[in-house]
Amino acid sequence: MSLVTLPNRERQTEPATSSLKVPFWRKISRFDLIVLTLFGLAAGFVTARLWGHPRTRLLINEQDQIFFQWVLAHGARVARGAQYPFFTELLNAPDGVNLMANTSVLGLGVPLAPITWIFGAEVSFIVALTAGLCGTAFAWYWVLSRHVVTSRVAAAVGGLFCGFAPGMISQAQGHPNLIAQFVVPFIVWRVLCLAEEGRAVRNGVILGLLVTYQAFVNEEVLLFTALACGAFLALWALQRRVFPLVFVKGLAVAGAVAVVLLAYPLWVQFFGPMHYSGLKHGYQPGADLASFTAYGKQALISRGFQSPASVHFAEETTFFGWPLFALLMLIVVFLWRDVVARSLALTGLGFALVALGPVITIKGNPTGIKGPWAALDQLPLFDSVIPVRFGLVLTPIVGVLLALATDKVLKMPAGSLPIRGLWAGVLVAALLPSMPTPLEITRQEPVPHFISAGTWRQYVEPGHTLVPVPLPTYPRPEGMRWAAVANLEFALPRGYYLGPRDGVAGSSAQFGAPERPTSTLLEKVATTGKVPAIDATDRQAAQEDLDYWKASVVVLDPAHRHTGHLLDTLVQLLGPPTKVDDVWLWKVVKP
Amino acid sequence: MVGWIRERLWRRDLIAVAVCLAGALWVYMRLWRDPAAREPAYYASDPAQHKWFLAHGLRVVTGAVDPFFTEMLNAPHGVNLMANTTMLGLGVPLAPVTWLFGVDVSLAVALTVGLAGTAFAWYWLLSRHVVTSPLAAAVGGLFCGFAPSMVSHAGWHTNFVAQFLVPFIVWRVLKLAEEGRVVRNGVILGLLVAYQAFVNEEILLFTALASGVFLGIWALQRRRFSWTFVKALGVTGLVAFALLAYPLWVQFFGPMHYSGLSSHGFNVRADAISYFAFGTETVSGIARANEGIAPNFAEENTFLGLPLLVLVAVIVWWRRRDVVIRALALTAGVFALFSLGTRIRINGHSTGIPGPWAVLDRVPILDAVMPSRFGLVVTACVGVLLALGTDEYLRVVREAGHEETAPEWTRRQTGRLGLAPARLLGLGALAVALLPVAPTPLRMIDHEPMPRFITDGGWRAYVTPGQTLVPIPIPEPGEGTGMHWAALNRLEFAIPRGYFMGPEEGVAGNPGTFGAPKDPAVELINRIRIDEDEPLVAPTPVWREEVVKVLREWNAAVIVLNNHYSYADEHLENLTILFGQGQLIGDAWVWDVRGIVRGSDR
């Protein structure tokens, strides 16, 4: 039994006392530092194309990067005490955005505040992404090496996979909230610790604090962690036929702590202003059946090619490739007699089945066969989850299985058999093809000088908004990037976020604000490049919309593909512009 | 006891034959569903050409035709068949099949038997002369037969698929050093070489080069030099020369021979990263992911896949003291470097760095080789390395089980588990490396139905010996249907032009190129309009003169257009302008041009 933290009284007393005596930093070995350095280098390699160009490059998933730049800037304001953390009127003015109901990563934004203050949100985003990958890998390495396996090499293999697996790299395309899983291994470890006799309160409090923190990094990952731990423990307990009551006690304490700490934020999330109920947007992409043996877009072997089994390049959570898939089958056979490994494998199988989504697809072709998800999506909370993301759970499961198998192989006294070399070869053969390449980027014009130099201050009155054209929305909320660069010192109308349908709190969710005539008109020009005929009704609507948005000034994005067409449209709508610095702007006359 | 062993061996061999055949049937599953109606999805005219060659093989057996030159193709100039891959070595033995079931089935048989035969031949060589474990021999044999490079050729290149003689040639080459049997060994190898020359000279050349490099490296390491070997090789040379002298004379000096290749289009080299890629027709393969690193789907000669390369590296590193392993690895390395061609390309970008092949590219005969195809040599080396590695691993595991000093964990788990974990690990290593590159059934498409005018012999009323039947579109490289028609009729009618290798400008002795020289009159007959709005310009009298001239040159009897052809309407429009209203006979449009050709119809 390799999980030493599971109930085992004889073993636990001795390391527990010794760990009290040895200070934390003495437990770090040189090997740990080497592993940390290597993981750091690997994370830097993945984000290499962003480093050095924070202002002129974006990931190809640019809208999510811009969203996170905005919330990181928000986190820095919260840390300064300048901002209420859970709701904002700086976005989607005048209605505002419920930030608890959006993935506002306060758990990253607040600690990264000094970096945001000094270097800006554009740099903190890159730091968050890099630290997320490296931190996740190292956290898994730490927990595996301290509590699961005896071989540090085995733990490093597991950590490497947990941090840099294809599923993680795919999510690294713009989702720092999902890849910052460095608390997850500690949560898992502390969940297992709950079974420790006589420390229900201490263990419960620690877990409750960790859970609270993870809720501010990403609630989705927290939900997955809870479900995976539950499934694993249930399977394990069923096979072992044990039921430790102390576990339930500890869990209750953890629950109580978390509820107390999270009660208010969750109240805001589910009942506060601009809350919504469930996603219900019909978009429920599942993992393709062929994806488990396919390679992701960022994999070394793919040469940038997106597999037909991929629903989106940032959602390739289940892409392992044939060699690793074959190795996994082998490992399951190899470790089948180990209850922990078996429970892990079965948990993984369950999550893989759920990840298939409502209808099973093969290479993008729906088969018409319903997946297990079809039975789950009506449950509360589940209606806010994208099924393919259940595949995220597979990454750490596979990582732990790799670590367990490696540990077992290294423990075999090989004698004359070339087992270690062969195992090393097998690992390289299975993992190397899916190892990541630097994340794909697009080149951008930097934010207008008008914004970055602060010239905008002369035009935006307090309590009023700066209206960027086109108005910030999916798929390119450029204005939010401007606001992030200006440390959210001006408010924006509309935006890219999740809010209630039609702006009515309590409705199901939609991306962005409900339609308004002017934003729709300008968005159409921005996508088609065709200047429509403007009549008095349009001008009237524009005045009403600007009024509604409490606009001080309208600023045209000078770097847009269709700036010329937008300019022609705006001249018809609002009259002649003023050229200030590097932008055209229209001061809004108060009626 | 001996009888029992022999029986066991036989049973094993039978299983091996069954497995190899099953593998080949798996690859050609979609072809066998209807050999007459299907062709590989990534279509070139190779299947039609190979059907024509098989029909020629039948004619060589049944009639008194010149095996090495024909006037039934590219009439009236003809084609030097020795300077093309006519594969008499397959066409002649398959003559009964061709005669009984036709060229379509015959080609399917040639492909299936070729692929299965290659795998089995390697299995046989490995199991009898290289390794002790039948499993190891099977791994090596199946890889040599069904490697990505083989499956890549399997759609088009019958002559590259049928490598079943190669293992025997390699074996007999190694046997040449045997003392006291110089003449016998030399004669046997000479016969094998002569036979392979009639299957595929390119593969023969590769085999010779690879054997040479391997033996050279081996001899250098061992510091050995065998006079017997040289003597026997002399005998081989004599035998092969005696047998091949006339055919080779025809090839290099006969009618329509060519010397070397015209430079353009033949520099097919491997991209350096193609070795890491998975072949298109493999379990992990994705067609679009291979864009830019292979010239086409049939030339994925070097696609081994990253996991397999890692496993081979592990094997070579583990057995690095073994002279044979070292020699094999070095041979593979040398040919991998050669395959990169004269200028090294990486991920679709030319680096400008010259490859080692740049030196050999100037040598006559070698200048006709596509360097990328050296990947086939690498494939065979990898197959043998896999067999040796597997065999050695199994031996070590077996011995660990017997040894008193066996590792503790192997002894403790006596009975139930035994050495299972070690075996499982070995099996897993093979699965990780080979499963991703296992072949998938080749994609096939239905071609248009053949016109009954051709299949039922309606053409016989029009075409007499000495005249030609002109299929539309006119046979060219990339347009093989006309050759398929001729093959279906056992080459009983001649056709103009075609898909073959001949001298530039049609002048014997010029550098070789694909097809007959360009002719504006042919383009005029073939022309169709792609854009419906653009009218077809009526031919001027000068144009018409050109067309009649070329029909006279061919001594054309009829022009035939398949009404099922996807551009039939477009061709019909043009041909009606040129030759007036044609006759719809069954499902074919036919223009009787005998009058025009005789000159009575002007």
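The values are calculated or read from the model by the stated rules, or taken from the named source; none is laboratory data. Keep in mind it's a predicted model, so treat the numbers as computed, not measured. Cβ sites come from the backbone with ideal geometry, for glycine too, and all protein chains shown count toward neighbours.
Check the range A:315-333 and report whether any residue there is among the small types (Gly, Ala, Ser), more than 10 Å from every other protein chain (Cβ to nearest Cβ) and touching a residue at least 12 places away in the same chain (Cβ under 8 Å). Among the residues of the range A:315-333, not one is among the small types (Gly, Ala, Ser), more than 10 Å from every other protein chain (Cβ to nearest Cβ) and touching a residue at least 12 places away in the same chain (Cβ under 8 Å), which makes the answer no.
Going by what's in this entry, would B:Val324 be described as out of contact with any Cys (no Cβ under 8 Å at 6 or more places or on another chain), within 14 Å of another protein chain (Cβ to nearest Cβ) and either surrounded by fewer than 21 Cβ atoms within 10 Å (Cβ to Cβ) or under 19 Å from B:Gly212 (Cβ atoms) (or both)? Considered against the rule, which asks whether it is out of contact with any Cys (no Cβ under 8 Å at 6 or more places or on another chain), within 14 Å of another protein chain (Cβ to nearest Cβ) and either surrounded by fewer than 21 Cβ atoms within 10 Å (Cβ to Cβ) or under 19 Å from B:Gly212 (Cβ atoms) (or both), B:Val324 comes out as no.
If you go through the range B:135-148 one residue at a time, do you hit one that is of a type in the set (A, V, I, L, M), under 30 Å from B:Pro47 (Cβ atoms) and touching a strand residue (DSSP E or B) at 6+ places or on another chain (Cβ under 9 Å)? Yes: the range B:135-148 contains one or more residues that are of a type in the set (A, V, I, L, M), under 30 Å from B:Pro47 (Cβ atoms) and touching a strand residue (DSSP E or B) at 6+ places or on another chain (Cβ under 9 Å). When the residues of the range A:410-426 are filtered to those that are at the interface with chain B (Cβ under 7 Å from one of its Cβ atoms) and in a helix (DSSP H, G or I), the one that is modelled with the lowest pLDDT is A:Ile419. Those helices (runs of 4 or more DSSP H) of the range B:70-142 in which at least 1 residues are over 16 Å from B:Phe160 (Cα atoms), considering only elements entirely within it, cover B:95-101, B:103-125. Residues in the range A:466-499 that are over 26 Å from A:Pro114 (Cβ atoms) and surrounded by fewer than 22 Cβ atoms within 10 Å (Cβ to Cβ) were compared, and the one that is nearest to the chain's Cα centre (by Cα) is A:Leu498. Of the residues in the range B:408-415, none is at pLDDT 85 or above, touching a helix residue (DSSP H, G or I) at 6+ places or on another chain (Cβ under 8 Å) and either within 14 Å of chain A (Cβ to nearest Cβ) or assigned to a helix (DSSP H, G or I) (or both).
Evaluate the following for A:Lys370: is it more than 24 Å from A:Phe45 (Cα to Cα), without any contact (Cβ under 8 Å) to a residue 24 or more places away in the chain and of a type in the set (D, E, K, R)? Against the criterion (more than 24 Å from A:Phe45 (Cα to Cα), without any contact (Cβ under 8 Å) to a residue 24 or more places away in the chain and of a type in the set (D, E, K, R)), A:Lys370 qualifies.
Counting only residues that are surrounded by fewer than 20 Cβ atoms within 10 Å (Cβ to Cβ) and either out of contact with any Leu (no Cβ under 9 Å at 6 or more places or on another chain) or over 17 Å from B:Glu281 (Cα atoms) (or both), the range B:17-31 holds 7 of them. A:His312 passes every criterion in (1) assigned to a helix (DSSP H, G or I); (2) within 20 Å of the chain's Cα centre (by Cα); (3) exposed (fewer than 15 other Cβ atoms within 10 Å of the Cβ) apart from (1). Looking at the range A:482-564, none of the strands (runs of 3 or more DSSP E) lying wholly inside it contains 1 or more residues that are charged (D, E, K, R) and within 28 Å of A:Ala101 (Cβ to Cβ). Exactly one residue among A:Gly350, A:Gly368 is small (Gly, Ala, Ser), more than 14 Å from chain B (Cβ to nearest Cβ), in a strand (DSSP E or B) and surrounded by fewer than 23 Cβ atoms within 10 Å (Cβ to Cβ), and that residue is A:Gly368. Among the candidates A:Thr569, A:Thr528, A:Thr563, the residue that is hydroxyl-bearing (Ser, Thr, Tyr) and loosely packed, with under 14 Cβ neighbours inside 10 Å is uniquely A:Thr528.
Restricted to the range B:278-292, and to residues there that are facing chain A (nearest Cβ under 7 Å) and over 16 Å from B:Val27 (Cα atoms), the residue that is modelled with the highest pLDDT is B:Ile286. Only one of the numbered conditions (1) assigned to a helix (DSSP H, G or I); (2) at pLDDT below 95; (3) buried (at least 16 other Cβ atoms within 10 Å of the Cβ) is not met by A:Ile360, and that is (1). Scanning the range B:337-356 for residues being under 16 Å from B:Leu304 (Cα atoms), surrounded by fewer than 21 Cβ atoms within 10 Å (Cβ to Cβ) and either away from every other protein chain (no Cβ under 14 Å) or hydroxyl-bearing (Ser, Thr, Tyr) (or both) gives a total of 1. Just one of the listed residues (B:Val199, B:Val213, B:Val235) is assigned to a loop (DSSP other than H, G, I, E, B), in contact (Cβ under 8 Å) with a residue 12 or more places away in the chain and in contact with a helix residue (DSSP H, G or I) (Cβ under 9 Å, 6 or more places away or on another chain), namely B:Val199. Checking the structure you have, find out if any residue of the range B:263-272 is free of Cβ contacts under 8 Å to residues at least 40 places away in the same chain, surrounded by fewer than 20 Cβ atoms within 10 Å (Cβ to Cβ), assigned to a helix (DSSP H, G or I) and away from chain A (no Cβ under 14 Å). No. Scanning the range A:433-488 for residues that are closer than 30 Å to A:Leu324 by Cα and either of a type in the set (D, E, K, R) or within 14 Å of another protein chain (Cβ to nearest Cβ) (or both) returns A:Pro433, A:Ser434, A:Met435, A:Thr437, A:Glu440.
Selection of the range A:70-103 for residues being crowded, with 24+ Cβ neighbours inside 10 Å, in contact with a Phe, Trp or Tyr (Cβ under 8 Å, 6 or more places away or on another chain) and farther than 26 Å from A:Tyr548 by Cα yields A:Leu72, A:Ala76. Is one or more of the residues making up the range B:365-388 more than 14 Å from chain A (Cβ to nearest Cβ), modelled with pLDDT under 85, surrounded by fewer than 23 Cβ atoms within 10 Å (Cβ to Cβ) and closer than 30 Å to A:Ala414 by Cα? The answer is no; no qualifying residue exists.
Of B:Val316, B:Val359, all but one fail to be surrounded by fewer than 22 Cβ atoms within 10 Å (Cβ to Cβ), within 14 Å of chain A (Cβ to nearest Cβ), out of contact with any strand residue (DSSP E or B) (no Cβ under 7 Å at 6 or more places or on another chain) and not in a loop (DSSP other than H, G, I, E, B); the exception is B:Val316.
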